[in-house]
Structure formats: structure tokens, C-alpha cells
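Colleague: Below: one structure in C-alpha cells.
The values are calculated or read from the model by the stated rules, or taken from the named source; none is laboratory data. Just so you know, these numbers come straight off a predicted model, no measurement behind them. In this analysis, Cβ positions are derived from the backbone assuming ideal geometry, glycine residues included, and neighbour counts consider all displayed protein chains. In case anyone asks, the SASA skips ligands and DNA or RNA and just uses the protein heavy atoms, side chains included. Shrake-Rupley method; radii C 1.70, N 1.55, O 1.52, S 1.80 Å.
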Amino acid sequence: MNRQWIGLAILASVALLLSLDVSVLYLALPQLSAELDADAAQQLWIMDVYSFMLAGFLVTMGTLGDRIGRRKLLMIGAAAFGAASVLAAYSTSAEMLILTRALLGVAGATLMPSTMALLRTMFPDPKQMSAAIGLWFSCFMAGLALGPLVGGLLLQHFWWGSAFLLGVPFMALLLVAGPLVLPEYRAPNAGRLDPASVALSLAAILPLIWGLKEVARNGWHTAPALAVAAGLAFGVIFVRRQRHLPHPLLDLGLFGNRVFTVTMTIMTVGGVVMAGTTLLSTLYLQLVAGLSPLEAGLWLIPQNIAMIASLSLAPLVARRIRPAYVIATGLLVGTAGFLLHTQADAVGGLPLVVAGLVLASAGIAMPMGVGNGLVMSAAPQEKAGSAAAVTETGGEFGIALGLAALGSLATAVYRAQLPDGFPEAAREGIAVAAHLLAEAPARLAVAAEAFTTGLNTAAWVCAALFAALAALAVLTLRAVRLEQAPAPEEAPAEGPQPAVPAETLRSST
């Protein structure tokens, strides 16, 4: 087997680990909270600080990898992630666990863009690269699907810290095998990292992500509104600074490439839609259909299977059919799924909600499976780390914005549908209503109907967005072919040479 495919297997195992690490923690949270005596606020920080730090440092780490060497940064990140995992597993207080989770987030930010950028180096042929990224992304999704099963087995036989130790052998494998099979690449004439740009990027991303998460959790209040406004303001300052730097932290020229910008838009908006839809559907399964958390999780398995299958197949289909039509087909399949959601009722709507999720997940996976390859091919080799970081940061924003925007829309419709005289506390949301009205089934049924109307309304918006994205893909990307050569590249700067032979890196299917 070629070194590049062995390297892909190692990088895919990293993706599997990162998604397992997130999903396993959901199951471990009750046990670790009890043992560490974590209050409600600390529990939220234990869950959220990882994604905050990950989102905040992705742009910085993507550019840093381009400048000091992508494999080098990946090895540093792997060592840091393994060490932080051990510290997290043996945390003696909630504060210590929050700190170690923050360190895990920073380390995770080194792994994700470095991995995708290395795939860009290892697979210069666009067809191979698209297939490799599709397989890598499938492993990430498989980790999300397997997380509850793996977490349940670990927590049944070991203590909560085992959920964090799961990552140590993966990082050890990467540290041992990575230098043998992964190529090194450092962008020529990259310049130095600009500390002010790093600070501005953090000042823009961290409050914006926190504010959106707070809006999704508690609605619009003063604190999250100010955080979002501050993040946007610092974002404007950050963009202005990048325009005047000879070696910017984020090369805004990437967005001058139509393929890059349009594909990024499709994937980010798709993430917004899927994050909000999954949240609302999960609430429906548990609070309207009355399923237990375990039963709801089982009903979500077909969704994950459909997504993994589409992620793997889409790049293969795109070898014969132009990417624009693969992307548009997937988005139209997703549109059909949302149209099923618009017809779901509070009573008997379970099959429509589950079938809609399956179609929507299979549909969005097609532009995801093809789009990542298009984005990486559209970026020059020396900017691959930055391009990967932009893609992943967009994904983080998409999730946060989807939860906030569609959650707020559904809540507004829910409240508008409730009759006058309905208990004021129950107007906060379906979760509160389900708790307060457990002994009042007639009123709970009214709340369930109101929530379902909110779900229907959000689904109409999602269907319209997906249909519009399908049209955008056909109109702007129809001339793009997957076999087009990547953007022109310069030779790597002096330093470590590729572990993959040059003839391997030049090969094509």
C-alpha cells in the first residue's frame, strides 16, 4: 500500500478520535459532575470551552502550520492533545477540568487544519484528494455515531476519566507513525506570525461564538447581544488589518476565488440549517413524541448512516458528474427532507421527522463530501492550511448560528401559537413546558402543537435555503470539473523534505 494511503488511515483515525471525544463526553457529564461537584455553570463550561478554544484558534493554527511546517505542527498538537487528555482524565476539580478542556481545544485546533492541509499535499490529484477528504470526513461522522456506544461501554466498566484517555493511544500512533508516512510542507516566503492579528481574531471569534451559544440556550439578552456586537466589531478591525499586511494571518485573497467562496457559502449555510434542524428534531423526538434519550438516540442512527454513506459516495459520483450537479442534487434531496418536516404533526409525526432527517442528512453530505475537495483544490498549496482553517471555522460558526437562529425562530413561533392565559413560565420553551405541565396533559398537548408549528415553520425556511443553494451551485459552479488541476504551487521552502517520495506526490489516477 502506498505511503499516502497509510497516511490517510492515520489521519482518518485522528478525525475519528476528535469526534468520539466530543460525543463520549455527553454521556460522561453526569458522572463527572457528581464526582467533581460541578454546578450548572461549570457543567456548561466543561462542555463548551473546548469548542470555544477550537473555533478561536483554528485560523491562527492553520496559518502557523503553513509557516512552520504542517507535519511539525501536527506532531506538536498530538503531543499536547495526549498530555492534556491525561490531565483531564485525572482532574481533581471542576476548575481543573475546565482548564484542561481549554487546552484540549487549543491542541485540537492544531490537528484539524494540519490534517486537511496534509491531505492537500499528499493527494495532488483532485479526484484522489476529493475521495481522501470524503473518507476522512466519513470517519469523523462515524465517530459521532459510535460515540454513545463507546462511551456507554467505557462508563459501564471504568470511571469517567476513561472517556479522555481514549485519545492517548491515537495520539501515540500519530507521533510514532506520522514522521514515517506523512510529508512535510512549509510555505515559501511565509513571513512571521502577526501577534496583533492573532489577538484580534480571538477577540472576534470567541465572543461571537459564546454570544450565539447563549442566544441558542437562553434567547436574546443583554450579555449575548453585546458579545455578538463586540465580536463583529473586532472582526471588522481584523479584516481591515489583514488587507494592509504583507503577510496576513488570513489571506483574504482566498475569497477572490469564486469556487472557494461559493463552496464555502454552501457548506456554511448548510451547517446552519443542519445544526438547527437536528436540535429541533431531537427536541421533538423527546418532548413531543415522548421518547426516552436512548430511544431518541436510536432513531437518530439512520440519519448518521445516511450521512456517512453520502460522504463516501459523493466524491466517487463527482468523478463522472460535474460537482455542481452532485452538490445541487444533494441539496434538493435535503429540500425534500425538510418538506417532510413541514407536514409533521404533534401526534403521529415521528416517521416524517425521522425520514426527513435521513433525507436532509444524506443530502447535505453530498456538498460536504465534494465541497471540501473543491475548497482545498481552489487554494494554492502554500495556503492550504489557511483554507482548511477557514472551512472548519465556518463549520463552527454554522453550528452556533444554526442553533441560535433556527432555535430563536422556532421559539418565537411557539410562543405566538400559545393561547392567552397559558402559564407564563411554560412560554419559555417546550422543555420548560414539558416539565411544568407533566400533570396537565391537555395543556401539554397545546404546547406540543405549538412547538410542532415552530418546527414546521423552520423547515419551510430550511427548504427554501437549500433550494436557493442548489440554484447557486448550478449557476456558479457548473463549469468546474473535479479533474481540473489545483491552483499553481511553488516548491516547499528549505527544511524537512516530504516523507512521501516525489514520484508518489506527482502521481494521478
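Colleague: Only residues that are β-branched (Val, Ile, Thr) and closer than 22 Å to GLY363 by Cβ: list them for the stretch 230-279, please.
Modeller: Those that are β-branched (Val, Ile, Thr) and closer than 22 Å to GLY363 by Cβ: VAL259, THR261, VAL262, THR263, THR265, ILE266, THR268, VAL269, VAL272, VAL273, THR277, THR278.
Colleague: Going by what's in this entry, would ALA88 be described as under 22 Å from SER33 (Cβ atoms), touching a residue at least 40 places away in the same chain (Cβ under 8 Å) and either surrounded by fewer than 23 Cβ atoms within 10 Å (Cβ to Cβ) or not aromatic (Phe, Trp, Tyr) (or both)?
Modeller: For ALA88, the condition - under 22 Å from SER33 (Cβ atoms), touching a residue at least 40 places away in the same chain (Cβ under 8 Å) and either surrounded by fewer than 23 Cβ atoms within 10 Å (Cβ to Cβ) or not aromatic (Phe, Trp, Tyr) (or both) - is met.
Colleague: While we're on this one: Can you tell me which residue is surrounded by the fewest Cβ atoms within 10 Å (Cβ to Cβ) among those in the stretch 455-509 that are modelled with pLDDT of 50 or more and in contact with a Lys or Arg (Cβ under 9 Å, 6 or more places away or on another chain)?
Modeller: ALA479
Colleague: Let me ask something else. Filter the stretch 172-222 down to the residues that are open to solvent by 20 Å² or more (accessible area, probe 1.4 Å), within 20 Å of ALA389 (Cβ to Cβ) and among the aromatic types (Phe, Trp, Tyr) and list them by number.
Modeller: Passing the criteria: only TRP210.
Colleague: I'd like the full set of residues that are farther than 23 Å from GLN381 by Cβ and either free of Cβ contacts under 8 Å to residues at least 40 places away in the same chain or surrounded by fewer than 24 Cβ atoms within 10 Å (Cβ to Cβ) (or both), limited to the stretch 70-85. Break it down into steps so the answer makes sense when it comes.
Modeller: The first filter runs over the stretch 70-85 and keeps only residues farther than 23 Å from GLN381 by Cβ, leaving 79-85.
Listed by number, the residues that qualify are ALA79, ALA80, GLY82, ALA83, ALA84.
Colleague: Something else: If you go through the stretch 31-44 one residue at a time, do you hit one that is buried (at least 20 other Cβ atoms within 10 Å of the Cβ), in contact with a helix residue (DSSP H, G or I) (Cβ under 6 Å, 6 or more places away or on another chain) and of a type in the set (S, T, N, Q)?
Modeller: Looking for residues that are buried (at least 20 other Cβ atoms within 10 Å of the Cβ), in contact with a helix residue (DSSP H, G or I) (Cβ under 6 Å, 6 or more places away or on another chain) and of a type in the set (S, T, N, Q), one finds none in the stretch 31-44, hence no.
Colleague: Any chance the stretch 275-294 includes a residue that's more than 22 Å from ALA464 (Cβ to Cβ) and of a type in the set (Phe, Trp, Tyr)?
Modeller: No, every residue in the stretch 275-294 fails to be more than 22 Å from ALA464 (Cβ to Cβ) and of a type in the set (Phe, Trp, Tyr).
Colleague: Now for a different question. What helices (runs of 4 or more DSSP H) lie completely within the stretch 154-233 and have 3 or more residues being modelled with pLDDT of 85 or more?
Modeller: 167-181, 195-218
Colleague: Out of the residues in the stretch 109-153 meeting the condition of being in contact with an Asp or Glu (Cβ under 8 Å, 6 or more places away or on another chain) and modelled with pLDDT of 80 or more, tell me which one is farthest from ALA28 (Cα to Cα).
Modeller: Among them, the one singled out is ALA117.
Colleague: Follow-up question, since we're still on this one. Based on this model, can you work out whether THR110 counts as polar (S, T, N, Q) and surrounded by fewer than 19 Cβ atoms within 10 Å (Cβ to Cβ)? Lay out the reasoning, then the answer.
Modeller: On the way: polar (S, T, N, Q): yes; surrounded by fewer than 19 Cβ atoms within 10 Å (Cβ to Cβ): no.
So THR110 fails the test.
Colleague: Which one is nearest to THR282 (Cα to Cα), of the residues in the stretch 318-335 that are more than 23 Å from the chain's Cα centre (by Cα) and in contact (Cβ under 8 Å) with a residue 12 or more places away in the chain?
Modeller: TYR325
Colleague: Contact list please: Cβ distance under 7 Å, first residue in the stretch 91-106 and under 25 Å from GLY62 (Cβ atoms), second residue open to solvent by less than 30 Å² (accessible area, probe 1.4 Å) and in a loop (DSSP other than H, G, I, E, B), pairs at least six apart or on different chains.
Modeller: Short answer, once both residue conditions are applied: THR100/SER91.
Colleague: Could you list all residues from the stretch 342-372 that are under 12 Å from LEU331 (Cα atoms) and either open to solvent by 10 Å² or more (accessible area, probe 1.4 Å) or over 23 Å from the mean Cα position of the chain (by Cα) (or both)?
Modeller: Within the stretch 342-372, LEU359, ALA362, MET366, MET368 meet the criteria.
Colleague: Of everything in the stretch 424-438, what is among the β-branched types (Val, Ile, Thr) and buried (at least 20 other Cβ atoms within 10 Å of the Cβ)? Give them in sequence order.
Modeller: Of all residues in the stretch 424-438, those among the β-branched types (Val, Ile, Thr) come to 430, 432.
Within the stretch 424-438, ILE430 is the sole residue that qualifies.
Colleague: What about GLN156, is it surrounded by fewer than 20 Cβ atoms within 10 Å (Cβ to Cβ) and more than 22 Å from the chain's Cα centre (by Cα)?
Modeller: Spelling it out, GLN156 is indeed surrounded by fewer than 20 Cβ atoms within 10 Å (Cβ to Cβ) and more than 22 Å from the chain's Cα centre (by Cα).
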